[in-house]
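Engineer: The structure's right below; bear with me while I get my questions together.
The values are calculated or read from the model by the stated rules, or taken from the named source; none is laboratory data. As the structure is a computational prediction, the values presented were derived from the model and not from experiment. Here the Cβ is made from the backbone with ideal geometry for all residues, glycine too, and neighbour counts use every protein chain on show. For the accessible areas, the whole protein counts, side chains as well, though only heavy atoms, and no ligand, DNA or RNA atoms are used. Shrake-Rupley method; radii C 1.70, N 1.55, O 1.52, S 1.80 Å.
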Amino acid sequence: MEIRTDSTSLDIDRHEGNLIKELRSSSTKPVTEPSGWLSEDLKRNIFLTTVDNVLNWGRKSSLWTETAFTACCTFEFISLSSSRFDIARFGMEVLRSSPRHADLIITAGTLTWKMAPQIKRVYEQMAEPKWVIAMGACGITGGIFADSYSVVPGYNRILPIDVYIPGCPPRPEALLAGIELLRKKVEKRSFLQG
Amino acid sequence: MLSEFSLIALFILIVMGFATTLVLIPQALKKIGIVPSKPSEVKYEPYECGLETIGETWVQFKIRYYFYALLLITLDITVIFLYPWAVELKNLGSSSLGVIFSFIGILAVGYIYAWRKGALEWK
């Protein structure tokens with residue numbers, strides 16, 4: 001169904017409902033994170049270490065975060081981004097409001113099915129290469145709302161997650177540990193895998 | 001005489017070269033395959049906070065905004081001049097009071113003119 005400016009609000013609601021239903025029925029299983037690029041075979045056979053090192057150094061030193069924060073874990077992230085915990089040392093202090101500038105999405109908070117299409121769309125509009133951190137119990141499994149009809153049981157139903165950070169909410173230190181893990185993962189990337 | 005400006009010409013050339021290189025580097029890296037390119041339909045659609053666009057994305061803004069922006073700039077300039085004046089008021093003495101009031105008076109004339117002309121009304 002096409003949405004136009006002269007569509008009634010009922011039409012728009014119905015269109016949105018259909019989108020959500022479609023997404024919900026198509027994402028019953030977790031999205032597997034494509035881990036082919038982590039295999040060691042290619043690395044052993046082809047030596048491109050310097051190029052990879054330079055590229056990965058650049059990528060891991062400027063992980064810009066998309067501001068797509070859905071619930072309360074956000075406050076731990078805000079705390080992390082301010083002076084006490086200071087993610088500026090990782091070159092991450094730039095929070096982008098446009099997915100075109102961002103290469104990391106931190107899923108801070110409970111995700112409802114109503115919000116799920118938007119988050120998926122924002123992720124799809126981000127530039128390559130992109131990474132996702134699932135933050136908190138709700139981000140991983142849906143947390144205490146896992147049985148609810150309206151809550152997505154874990155972001156991995158709609159996005160491929162790179163790093164999981166447990167906690168309800170995780171302390172900023174835990175988030176720092178997760179970011180460290182992600183940086184290690186970025187280091188392993190080789191441009192041959194695309 | 002004109003040769004004195006040759007440095008500026010050189011500067012313009014360097015700036016243009018620099019800008020072009022910055023635009024071309026990602027394109028070249030994409031051609032080689034270093035920068036991953038995974039185009040999709042959704043990726044190239046306009047970004048509207050994750051929502052689908054309803055209607056046209058390229059809309060014309062009302063010209064009224066321009067008047068407001070212009071009037072706001074005059075207000076900003078008033079504040080910019082008033083602030084250092086207020087800080088240095090003790091040293092400048094009472095004569096500066098007349099100067100600043102005449103300055104505000106000039107701006108006020110402009111404001112009153114805009115007001116009387118109806119620039120502050122949203123039509």
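Engineer: Accessible area per residue for the range B:64-117 in Å², computed with a 1.4 Å probe and the full protein assembly in place, what is it?
Structural biologist: 82
Engineer: Taking the Cα centre of the range B:1-57 as the origin, how large is its charge dipole in debye, to the nearest 20, when only Lys and Arg (+1) and Asp and Glu (-1) carry charge on their Cβ atoms?
Structural biologist: 440
Engineer: How much of A:Arg100 can a 1.4 Å solvent probe reach, expressed as accessible area in Å² and rounded to 10?
Structural biologist: Estimated to the nearest 10 Å², A:Arg100 gives 90 Å².
Engineer: Place a point 7 Å from Cα of B:Val99 in the direction of its Cβ. Which residues in the range B:70-88 have their backbone N less than 19 Å from it?
Structural biologist: It comes to B:77-88, nothing else.
Engineer: What number in nm² do you get for the protein assembly as shown if you take the convex hull of its Cα atoms and divide its surface by four?
Structural biologist: 28.5
Engineer: In a GNM of chain A with a 10 Å cut-off on Cα contacts, which of A:Arg96, A:Arg59, A:Arg121 has the highest mean-square fluctuation?
Structural biologist: Result: A:Arg121 has the largest fluctuation of those listed.
Engineer: Per the Kirkwood treatment, what hydrodynamic radius in Å, one decimal, follows for the range B:64-117 from the mean inverse distance over all distinct Cα pairs?
Structural biologist: Computed over Cα pairs of the range B:64-117, the Kirkwood hydrodynamic radius comes out at 12.3 Å.
Engineer: Ordering A:Cys73, B:Cys49 by accessible area with a probe of 1.4 Å, largest first, what comes out?
Structural biologist: Per-residue accessible area, sorted high to low, gives B:Cys49, A:Cys73.
Engineer: For A:Lys130, which lysines qualify as cross-link partners when the Cα separation must be under 17 Å and same-chain residues fewer than eight apart are set aside?
Structural biologist: A:Lys60, A:Lys120, A:Lys184, A:Lys185, A:Lys188, B:Lys30, B:Lys38, B:Lys43
Engineer: Where the only charges are on Cβ atoms (+1 Lys, Arg; -1 Asp, Glu), what is the dipole of chain B about its Cα centre, to the nearest 20 debye?
Structural biologist: 100
Engineer: Here's something else I'd like to know. Probe radius 1.4 Å, ligands and nucleic acids left out: can you give me the accessible area buried at the A-B interface, summed over both chains, in Å² to the nearest hundred?
Structural biologist: 1800
Engineer: Got a sec? Charge dipole of chain A, +1 on Cβ for Lys and Arg, -1 for Asp and Glu; which of A:Met135, A:Phe75, A:Leu55 is way out at the positive end?
Structural biologist: Positive-end residue among those listed: A:Leu55.
Engineer: Have a look at chain B and give its Rg and Dmax from the Cα atoms, expressed in angstrom.
Structural biologist: 26.1, 71
Engineer: Here's a follow-up. As an exercise, identify the chymotrypsin sites (Phe, Trp or Tyr not before Pro) in the range B:1-64 lying in DSSP coil whose Cβ has no more than 11 other Cβ atoms within 10 Å.
Structural biologist: Working: sites: B:Phe5, B:Phe11, B:Phe18, B:Tyr44, B:Tyr47, B:Trp58, B:Phe61; in loops: B:Tyr44, B:Tyr47, B:Trp58, B:Phe61.
Those satisfying the criteria are B:Tyr44, B:Trp58, B:Phe61.
Engineer: Additional query: Give the average, rounded to an integer, of partner chain Cβ atoms located within 10 angstrom of each Cβ in B:50-56.
Structural biologist: That works out to 6 on average.
Engineer: Okay, next question. Give the carbon-plus-sulfur fraction of the accessible surface of the range B:1-57 in %, rounded to a whole number; probe 1.4 Å, heavy atoms of protein chains only.
Structural biologist: 73
Engineer: Please compute the average number of Cβ atoms from other chains found within 10 Å of each residue's Cβ in peptide B:32-43.
Structural biologist: Working: counts 1, 3, 7, 6, 8, 3, 6, 1, 2, 1, 6, 8.
So the per-residue partner count for this stretch is 4.
Engineer: Pairs of alpha-carbon atoms within less than 8 angstrom and 6+ residues apart define the contacts here; what relative contact order does chain A have, in percent?
Structural biologist: Answer for chain A is 24 percent.
Engineer: OK, next. Roughly how big is chain A's charge dipole about its Cα centre, with Cβ charges of +1 (Lys, Arg) and -1 (Asp, Glu), in debye to the nearest 20?
Structural biologist: On the way: 24 positive and 22 negative charges, 68 e Å.
Around 320 debye, computed over chain A.
Engineer: Consider all pairwise Cα distances in the range A:59-101 and report the whole-number % of them above 14 Å.
Structural biologist: 50
Engineer: The range B:1-105: which GluC sites (Glu not before Pro) are DSSP loop and have at most 13 other beta-carbon atoms within 10 angstrom?
Structural biologist: Filter output for the range B:1-105: B:Glu41, B:Glu48, B:Glu56, B:Glu88.
Engineer: Looking only at A:Thr70, A:Thr28, A:Thr110, which one moves most when chain A is put into a Gaussian network model with springs between Cα atoms under 10 Å?
Structural biologist: A:Thr28
Engineer: Continuing with this model, one more query. Say the dipole of the range B:1-57 comes from +1 at the beta carbon of Lys and Arg and -1 at that of Asp and Glu; which of B:Leu51, B:Leu7, B:Gly33 then lies farthest toward its positive end?
Structural biologist: After comparing all options, I get B:Gly33.
Engineer: Of the chymotrypsin sites (Phe, Trp or Tyr not before Pro) in the range A:95-194, which ones lie in a loop per DSSP and count no more than 11 other C-beta atoms within 10 Å?
Structural biologist: Values: sites: A:Trp113, A:Tyr123, A:Trp131, A:Phe145, A:Tyr149, A:Tyr155, A:Tyr164, A:Phe191; in loops: A:Trp113, A:Tyr149.
When the chymotrypsin sites (Phe, Trp or Tyr not before Pro) of the range A:95-194 are filtered for loop state and at most 11 Cβ neighbours within 10 Å, A:Tyr149 remain.
Engineer: Inside 10 Å of the C-beta atoms of A:128-141, what's the mean count of C-beta atoms belonging to other chains?
Structural biologist: 1
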